[in-house]
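Only one structure is covered here, and it is reproduced in the block below.
What follows draws every value from the coordinates through simple rules; no lab data is involved. All figures in this text were calculated on a predicted structure; none of them were measured in a lab. Ideal geometry is used to build each Cβ from the backbone, glycine not excepted, and the neighbour counts take in all protein chains shown.
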Amino acid sequence: MEQPIAVTRQSFDDWMVPVYAPADFILVRGEGSQVWDQQGKSYIDFAGGIAVNALGHAHPVVTAALVEQAGKLWHLGNGYTNEPVLRLAKQLIDATFADKVFFCNSGAEANEAALKLARKRALDQGNSSKNQIVAFNNAFHGRTLFTVSAGGQPKYSKDFAPLPGGITHTPFNDLAAAAEVINDHTCAVIVEPIQGEGGVLPADPAFLQGLRELCDRHDAVLIFDEVQTGMGRTGELYAYTQYGVVPDVLTTAKALGCGFPIGAMLTTDELAKTLGVGTHGTTYGGNPLATAVAGAVFSIINTPEVLEGVKQRHQWFLDGLNKINQQYPIFSEIRGGGLLIGCQLTQDYAGKAKQITQLANEEGVIALIAGPDVVRFTPSLIIPEQDVKEGLARFARAVARICS
Ligand SMILES: *Cc1c(COP(=O)(O)O)cnc(C)c1O
């Protein structure tokens, strides 16, 4: 056998397009909520691959589903349907408001499909001037040109102009501002129930309720981007049920495949008709390998044990983080829902979120940031109590260092 190519962190700088600045170690193995690097050092994983690995690493049931399907059928192309994709569609439909599902490979693609659907729906109704999209400051919807333009962080889009037009941004949680711009020319409103990348900012229930009413009044499609909040992350399968506000289109990805790339757009029978044969598509979307994995993931997550367990784990994190904050007051607010938790740094520590996660790495725990001033935790939904305790103890040591 040929020797594998020797790789180090330096190889990244040598060979990779530098869009990322990864940590200075390379992880090679994971089990549950622990991962190990090339040197065998262990880390507790409080990031879960950015809210993706909702069942931790190497979950035996998910791995078995992958291996079983890998021995049968990987891919056909959309000229042929397959059993796993149909079963997954039924699981999603039975558990949500949706009647129809479109599968793709990422969150951005799911949102791209949603926005295209909204534009085409208005056009099909003979209303060619009903093409305006309303989105919110600080939102994140993905990195394709359309979705990065819908996102409300100009730093991610400004270098790629000319951008797709017809998108207006207003302040998140400001219903009056949204009401100013939503009118009969609006074809869609896209919103995250909790802004994830933007800083773990939950929507006010009245805000989402108000958007629902404005969309009804002006016949606009209400799109909930649940790419990060979905699949049990907040303690419900999807966050819209907690808010009691039902969207017309819901997008999901991240934890849907627990690490196997897959995304989906869920919608109603009426709206689904817009995307007739040949109007949209993707080569890999809904392939049997991805959907077999997601089907296994779904069966585990959509159970009272796992969803109730998220609420319990939320409390473990809150108790632990509050204790750390009593000893070293660096957080001005701890917010979010379920296992999407954001810790806002005080003025004294503004801009230091990245540095804190780097120290956390040194202490053997992996955490995320959500902007420069927020430390974010999105661990496995089934992380054991012992790992939460140990990870928070390690995190406390990192906090102690930044405070000294
Ligand atoms: C991560 C994320 C996306 C983009 O998903 P990709 O799979 O990276 O394309 C879109 N919306 C939200 C809310 C996200 O958190």
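The alpha-carbon positions of the range 1-130 define a convex hull whose volume is 235 Å³ per residue. For the range 60-150, the number of Lys pairs with C-alpha atoms closer than 23 Å, counting only pairs eight or more positions apart or on separate chains, is 6.
For the range 295-314 versus the range 337-388, the spacing of their alpha-carbon centroids is 22 Å.
Helix 353-363 and the longest principal axis of the Cα set of the chain meet at an angle near 40°. To the nearest 10 degrees, how steeply does helix 83-95 sit against the main Cα axis of the chain, on a 0 to 90 scale? Helix 83-95 sits roughly 80 degrees off the main axis of the chain.
With the Cα gyration tensor of the range 144-267 giving a ≥ b ≥ c as the square roots of its eigenvalues, does the rule (a/c under 1.5 for rounded; else a/b larger than b/c for prolate; else oblate) give rounded, prolate or oblate? Here the range 144-267 falls in the oblate category.
The alpha carbon convex hull volume per residue for the range 271-324 rounds to 176 Å³.
Residues 399, 246, arranged from fewest to most other Cβ atoms within 10 angstrom of their Cβ, appear as 246, 399. Computed on the Cα atoms alone, the convex hull of the chain gives a volume of 156 cubic angstrom per residue.
From least to most packed, judged by other beta carbons within 10 angstrom and beginning with the fewest, 16, 231, 265 follow the order 16, 231, 265.
What do you get for the angle between helix 304-327 and the principal long axis of the chain? Use alpha-carbon atoms, 0 to 90 degrees, nearest ten. The helix 304-327 is inclined about 50 degrees to the chain.
Taking 23 Å as the straight-line reach from the Cα of residue 323, the lysines in range (excluding those fewer than 8 positions away in the same chain) are 311, 352, 354, 389.
Counting neighbouring beta carbons within 10 Å and listing from fewest to most, the residues 403, 187 come out as 403, 187. Overall size of the range 17-66 from C-alpha positions, given as principal axis extents largest first: 34, 25, 19 Å.
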